Amino acid sequence: MAFLKTAVAAVVAAMLGAPAVGAQDTVKVGLILPMTGPFTSTGKQIEAAARLYIAQNGSTVAGKKVEVILKDDGGNADATRRLAQELLVNDKVNFLAGFGLTPLALAVAPLATQAKVPEVVMAAGTSIITERSPYIVRTSFTVPQSCVIVADWAAKNNIKKVVTIVTDYAPGHDAEKSFKDRFVEVGGQVISELRVPLQNPDFAPFLQRAADAKPDALFVFVPSGVGAIVMKQFIERGLDKAGMKLIGPGDITDDDILNGLGDAALGVITAHFYATAHPSEKNKAYVEAFTKANPGMRPNFMSVGGYDGMHLIYEALKKTNGATEGDALINAMKGMKWESPRGPISIDPETRDIVQNIYVRKVEKVGGELHNVEFATFEAVKDPVKAAKK
Ligand code: PHB
């Protein structure tokens, strides 16, 4: 805490001593992402999508040149905080963006507040994040947005008893609670709740305990980057064949890894806000451009958080005619609506959080590749946790 106070004080001192606007003709976006370590896929997806947006829309907006300064935090919150501080003090960035995991987004919240610089959260999904600073706006998702839809689907499809397995940190706790609250409300029962460590997870013993409890389905939340491990261990133990259904938010059938999982992944039902196979013209063009610019990569749900985050930055600058004062930018972002590759989205003017469709999907083979194929749509879903607080 003492460190944090010193860091905040240093940022404020530096900002006060700075000229009103740094380089008048340049807008700087400090993009902090995990480009190394277990969550590299999130960093790569978001960087690729942000660069694609700039390539498609030009690097000048409202008469200003947009400069992205990319920093790798390796998924470590102390590094994120230090990098954000350097970007504010040395580079005088006008936006902080990225944030691959919840602890990384939270670490920067006090700095964004003190410096009055917008923090655009392009990945992290815990509900509370946007409440930690009036300068935070989110273009990714909230984990509960998908979990309540999974609970409704399960109850309607004859699933009565469920074991939950979640990664043991804030978004996992959000997943566990939001799924259970809704599932119990609609008549289901959660017979066991298991939590797996974030670092070096081994799901095998947890999967065995879950199987021993003989539920109708296993609900699993793991962050993007970890999906392959849990899916492989589920399949290796033959749990798919034992008749236990696997359900959860779409992080477990992440499009980035899905095709590598093999046919055992067929039939897995998830709810989520984006699938590479989302059947809109906008998305077809997005997938084509993304794969062309990044051969061998499939855009996943993290990528659209980065793409839409850049869109939000561009449109806010257009609205302020290039002015970079933090309050003006945040006001410009509130209530903004547009069509994303994922479908129609908006920024809730009250919470600065994303409002988006949630789709129920099933893993199927399309053109020889595994895809999340959407079969039901829930429109304009707000974060259910914040909605319940009202
Ligand atoms: C998070 O840390 O908030 C997080 C990261 C990856 C996900 C979901 C949530 O897939």
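Each reported figure results from applying straightforward, stated rules to the coordinates on display, with no laboratory input. Bear in mind the structure is a predicted one, so any value in this text is a computation, not a measurement. All Cβ positions, glycine included, derive from the backbone under ideal geometry; neighbour counts span all protein chains shown.
Taking Lys and Arg as +1 and Asp and Glu as -1, the other residues whose beta-carbon sits under 11 Å from that of R342 total -2.
Protection proxy ranking, highest mean first, for peptides 223-229, 106-112, 200-206: 106-112, 223-229, 200-206, where packing is the per-residue count of other beta-carbon atoms within 10 Å, averaged. Measuring r between the beta carbons of A388 and D25 and using R0 = 41 Å, the FRET efficiency lands at 0.35.
Could you give the angle, 0 to 90 degrees to the nearest 10, between helix 281-293's Cα long axis and the longest principal axis of the Cα atoms of the chain? So the inclination is approximately 80 degrees. Extension gain, T377 to D212, is 56.0 nm, computed as 0.36 nm per intervening residue step minus the present C-alpha separation. Taking θ as phi - 60° and the Karplus parameters 6.51, -1.76 and 1.60, the scalar couplings of region 111-125 work out to 5, 4, 5, 5, 7, 6, 10, x, 10, 8, 8, 9, 9, 4, x Hz in sequence order, x denoting glycine and proline. Taking a 23 Å limit on the Cα-Cα distance, which of the listed pairs K65/K319; K160/K214; K71/K334; K177/K282; K232/K365; K334/K382 fall beyond it? Flagged as over cut-off: K71/K334; K177/K282. Rounded to the nearest 20 debye, the dipole magnitude of the chain is 340 debye, with +1 charges on Lys and Arg beta carbons, -1 on Asp and Glu beta carbons, and the Cα centre as origin.
The order of W338, W153, going from fewest to most other C-beta atoms within 10 Å of their C-beta, is W338, W153. If both residues of a DSSP beta bridge must be in the chain, then about 40% of such bridges are antiparallel.
Take the Cβ atoms of A242 and K65, set R0 to 41 Å, and the FRET efficiency comes out at 0.10.
Full-extension gain between N158 and E193, please, as 0.36 nm times their residue separation minus the C-alpha to C-alpha distance. Walk me through the numbers before you get to the answer.
On the way: separation 35, 0.36 × 35 = 12.60 nm, distance 2.00 nm.
In short, 10.6 nm is gained.
With the gyration tensor restricted to C-alpha atoms of the chain, the semi-axes of the equivalent ellipsoid amount to 36, 22, 19 Å, longest first.
Which of the three applies to region 166-299, rounded, prolate or oblate, going by the alpha-carbon gyration tensor with a ≥ b ≥ c and a/c under 1.5 meaning rounded?
Taking the square roots of the gyration eigenvalues as a ≥ b ≥ c, region 166-299 is prolate.
Under a 5 Å amide H cut-off, with hydrogens placed 1.01 Å from N, V196 pairs with V166, T167, D168 among residues at least 5 apart or on other chains.
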